Each structure stands twice: as C-alpha cells, then as structure tokens.
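These notes are about the structure you will find just below.
The values are calculated or read from the model by the stated rules, or taken from the named source; none is laboratory data. This structure is a prediction, so every number in the text was calculated from the model and none was measured. A quick note on method: Cβ atoms are made from the backbone with ideal geometry, for glycine too, and the neighbour counts reach across all protein chains shown.
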Amino acid sequence: MAFRDKRIVIVGGGLGGLALMNVALTCGITNIEIFEQAREDGEVGAGVDITANANRILDVFGLKDTLLRFSSPKLPYFMEYHHYKSGDYLGHIEEAHEPHARLIQRGHLLQALKEFLPHEKLHYHKHLTSIEENNTSESAPYTLHFGDGSATKADIIIGADGIKSKVRREMGIGDSPNFSGQVVYRGYVDYKDLPEDTANLLRTVVNFRGPKRHIICLPIGNKPTKTDRIGFIGFMTESLDTWDSENWVSRSTIGDLQDHLSEWCPQVQHLIQGLFQSSPDGFMMKQALYVRDPVDRWYKMKEGEEDVGIALLGDAVHSTLPHQGQGVAMAIESGVALAIILANWQGNDLQDAFQFYQDIRKPRTDEVTKTSYEAGKLGSSDDPNHFSENFNPEALMKRMEWVMDYNLLEDLHAKNNGRMAFKDSWLS
C-alpha cells in the first residue's frame, strides 16, 4: 500500500525532517532513516516560537506532552510593543489562537521530536557529497555518498537539508539566495541577571521597535524544569561589507550589537548586560539573513521509474525570513504533509503524490515568504515612534490570522478527492 515498502532516506535531521519521520512511523512507514551532517550533540540554536498552526498538527500525532515539558506556559499576550527609547508600553496583540504559542529552546524542541524515534534510524555527522543514480536492476535506484566515506541506498530521497541544500543542487537547481539587508543577533539572558522590573516585563513576548532595527524577546522554557530564560533576537540593518566570515552564521562581539543600541531604553541596556553575563567570551551568534525565490518544481523523478524520485521540504525549498516566526511551522507543516501523502497514497505513481504535496504546500509557503519579507520592513521602520495604518496591533493580528487559523489536516482532507486513505480521527 502506498510507498510504505520503499526505502526512504531523509537528508537533514532538523525540524522538518524530524516531523516527517515522526508522522511517517506513526502511519506505518518503517524503512525510513535520517542522515544529518551535524553531530548529535552539536545543535544548540536559539529560541523558537511554535505557533498554533504547527502545534495543532503535532498534538494530533502525540507530541503535545513532550513539547509542553520544556516550553513556556500560556502567555498573557502574543506580543507586546514598547518604545525603543523610552521603554513605554505602546500596545499588544492578543493570544487569540489555540493551541497557544509554545516558546522553547531549539535544542529542547529537537530533543522532543526525537524522543519517540528509534535511535538506530538517526545517523549524525553525515555530510552528503553526492547522489548517484543507479541504472541496473540489481541495485537500488539511488546511492547517497557521505564525506566520511560511507554510503546508503534509497528509492525515495527527501531533501530537508536547509537553505544551502546539497540535495537541491543535486536536483539541478542552481539559483543563488538573496541577502535581505539585515542580520540577526541571537543569544540568551537569564532572568536572574536582570533587575526585577525588567525581568517581570519580559515574562511575555516583547518587541522594542526602533529605526531600521528591532528586538524581540522570547520568554522560552518554564520554571518547573528550570529552562526559563529570555531568547534575545535582534534584527539590525547592516551591509555585508564588513562581514568577515565565509559562513552565513558567525559569532560577533556583544559590543557590536551594543553599538547599534547605545541610545535605546534602560530595559534594552539591561538585556545587553545580561547577554554579557551569559557569554563567557563576550561573543554571541550573528546570522546574515538570506532567502531564496520560490521555485516551480519541488521534486525530480528518476527517468523511467514510476515510484522513484527526490523531493524537497523546509528551507531547502521554501525558505522564509523569520519576521512572522513561521520558518519552523512551515517546515513542520510540510514534513507532516509529505509523510501522510507517502504513507497513504492510493497507487504507485510517485510523481502524482509529489505533485499533490507541492500543490498543497507551495501556494501557502510562497505567500508566507512574501508576507514575512513585508513584515520585516514593517518591523524595522523609518518612523518607529508611531503606529501606522499597516503597523498597529489590530492590523498585525489580521495579517497573521490566515497563517494561524490554517489546519493542514483539514486542507489535506478537503483536497484529497480519494487520492489517499485518510483517517477521520486526524480531524478531531
């Protein structure tokens, strides 16, 4: 039935790949493995906001409790706005969606998504170097080669290996990413390192909006597990002229960030000092923000084969800027969608299955990519002293309604038209 007997290899053990594997195993696909280039203990990352549209589907597939263990409690507001110089309260967006947003450290989120996966199916420190097509009947259709000299066979390959995707390049997609004009500084601040008033203020999501830059503070984790702290995210407008790293993610002195924010309010200065307290060497993560243009085709079939091919998901095919907090959610949605389709497709035509996956996901991810770019422009304004017609709590809530209210499982059910075996219990 469907493609459950195929050997499926996921390249990339990030959030999209792990979401895919969780749901694939639940749906009866067992011959599936992940190959991730990072070391198993090498991923730390920043704070992550998992929004209602992603939580809704993760809960259906049994991941609610493990996610809640390390995530924030329900917050009073979705986001609160404060003036960058005075620190004065400007307004807020209500948390109007269920399940409520869950704020969690990326490392804890990865841990939660791996909790129920067989360890032997997860392979780390596997840097993909090439994909070889095999044309003899005695061999599997694909051989994947890795930097350590090892190799593995596959009938279906899923490229979930990020915006610099090697799988994407192996498919012949050779476009270049676009620099957004901004960099983001990321770090953590412990509540104990802040004055009491500032610490209390930052128990909800707070946005300090300044001229061509803005700061978002995420209250990640929770007190019972002693994981509660502030995920600091600072979007700064910078050119790449002074970028001295070959990578898009580098480390920068906290002093560089401080130079951007020297005239900002006392609460922001407290955060800067908290970043120094949390960093033994005075450095923090800095990332140049890139995004790729949408592509017309998300998959490639092996010539002459009905049920053999390669598909992409997550940043490998629908990267987005982080200004709506949807990179994680889009990867999870796509991973879950592809798992359900592969496990429940009626028939052996993989191209039809991949096309259905693309038709379900591409219009939504293209729009998220577009609106996230727009949100970044609104968030880092030339005139941050006033709300505007397009940037005020009511307008911002309306901008996000279509994102948050979306239910992937309802969409799959509505557009299925007999293509898949679909469980009504997924809709409850």
Inset, instruction - Return only the number of the condition from (1) in a loop (DSSP other than H, G, I, E, B); (2) exposed (fewer than 14 other Cβ atoms within 10 Å of the Cβ) that Phe387 does not satisfy. - result: (2)
Inset, instruction - Test Ile332 against the stated conditions and say whether it is crowded, with 22+ Cβ neighbours inside 10 Å, in a helix (DSSP H, G or I), in contact with a Cys (Cβ under 8 Å, 6 or more places away or on another chain) and not aromatic (Phe, Trp, Tyr). - result: no
Inset, instruction - Return yes when Thr371 is among the hydroxyl-bearing types (Ser, Thr, Tyr), surrounded by 14 or more Cβ atoms within 10 Å (Cβ to Cβ), assigned to a helix (DSSP H, G or I) and at pLDDT 95 or above and no when it is not. - result: no
Legend entry - Hey, Leu67 assigned by TED's automatic domain parsing to the domain that holds Leu25 and under 26 Å from Gly187 (Cβ atoms) or not: yes
Legend entry - Unmet criterion (only one of (1) at pLDDT 95 or above; (2) farther than 29 Å from Pro141 by Cα; (3) in contact with a helix residue (DSSP H, G or I) (Cβ under 7 Å, 6 or more places away or on another chain); (4) not in a helix (DSSP H, G or I)) for Thr320: (1)
Inset, instruction - Go through the residues of segment 349-361 one by one and say whether even a single one is at pLDDT below 95, touching a strand residue (DSSP E or B) at 6+ places or on another chain (Cβ under 8 Å), among the polar types (S, T, N, Q) and surrounded by fewer than 22 Cβ atoms within 10 Å (Cβ to Cβ). - result: no
Inset, instruction - Please go through segment 101-113 and pick out each residue that is surrounded by 18 or more Cβ atoms within 10 Å (Cβ to Cβ) and either more than 16 Å from Val328 (Cα to Cα) or in contact with a helix residue (DSSP H, G or I) (Cβ under 9 Å, 6 or more places away or on another chain) (or both). - result: Ala101, Arg102, Ile104, Gln105, Arg106, His108, Leu109, Leu110, Ala112, Leu113
Inset, instruction - Return the residue satisfying two criteria in turn: it lies in segment 390-422 and is among the aromatic types (Phe, Trp, Tyr) and at pLDDT 80 or above, and of such residues it is surrounded by the most Cβ atoms within 10 Å (Cβ to Cβ). - result: Tyr406
Inset, instruction - Name the residue, out of Ala101, Ala140, that is hydrophobic (A, V, I, L, M, F, W, C), outside the structural domain of Val328 (by TED's automatic domain parsing) and at pLDDT below 95. - result: Ala101
Inset, instruction - Identify all residues within segment 252-305 that are under 23 Å from Pro322 (Cα atoms) and in a strand (DSSP E or B); write none if there are none. - result: Ser252, Thr253, Phe283, Met284, Met285, Lys286, Gln287, Ala288, Leu289, Tyr290, Val291
Legend entry - Any chance Gly91 is in contact with a His (Cβ under 6 Å, 6 or more places away or on another chain) and surrounded by fewer than 18 Cβ atoms within 10 Å (Cβ to Cβ): no
Inset, instruction - State whether one or more residues within segment 235-242 are in contact (Cβ under 8 Å) with a residue 60 or more places away in the chain, in contact with an Asp or Glu (Cβ under 9 Å, 6 or more places away or on another chain) and of a type outside the set (Gly, Ala, Ser). - result: no
Legend entry - Checking Ser239 against (1) assigned to a loop (DSSP other than H, G, I, E, B); (2) of a type outside the set (A, V, I, L, M, F, W, C); (3) surrounded by 14 or more Cβ atoms within 10 Å (Cβ to Cβ), the condition it does not meet: (3)
Legend entry - Residue pairs meeting the criteria (Cβ under 8 Å; at least 6 apart or on separate chains; first more than 15 Å from Ala46 (Cβ to Cβ) and touching a residue at least 12 places away in the same chain (Cβ under 8 Å), in segment 185-207; second surrounded by 19 or more Cβ atoms within 10 Å (Cβ to Cβ) and of a type in the set (S, T, N, Q)): Thr198/Gln267; Leu201/Gln267; Leu202/Gln267
Legend entry - Lone qualifier among Arg203, Arg169, Arg209, Arg186 - being of a type in the set (Lys, Arg), outside any strand (DSSP E or B) and under 22 Å from Tyr84 (Cβ atoms): Arg203
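Okay, residues lined up against (1) exposed (fewer than 15 other Cβ atoms within 10 Å of the Cβ); (2) touching a Ser or Thr at 6+ places or on another chain (Cβ under 6 Å); (3) assigned by TED's automatic domain parsing to the domain that holds Gln277:
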residue: Ala154; (1), (2), (3): no, no, no
residue: Val167; (1), (2), (3): no, no, no
residue: Gly172; (1), (2), (3): yes, no, no
residue: Asp193; (1), (2), (3): no, no, yes
residue: Asp197; (1), (2), (3): yes, no, yes
residue: Asn200; (1), (2), (3): yes, no, yes
residue: Arg203; (1), (2), (3): no, no, yes
residue: Val206; (1), (2), (3): no, no, yes
residue: Arg209; (1), (2), (3): no, no, yes
Legend entry - Hits in segment 396-428 (condition: farther than 19 Å from Met330 by Cβ, assigned to a helix (DSSP H, G or I) and among the aromatic types (Phe, Trp, Tyr)): Trp426
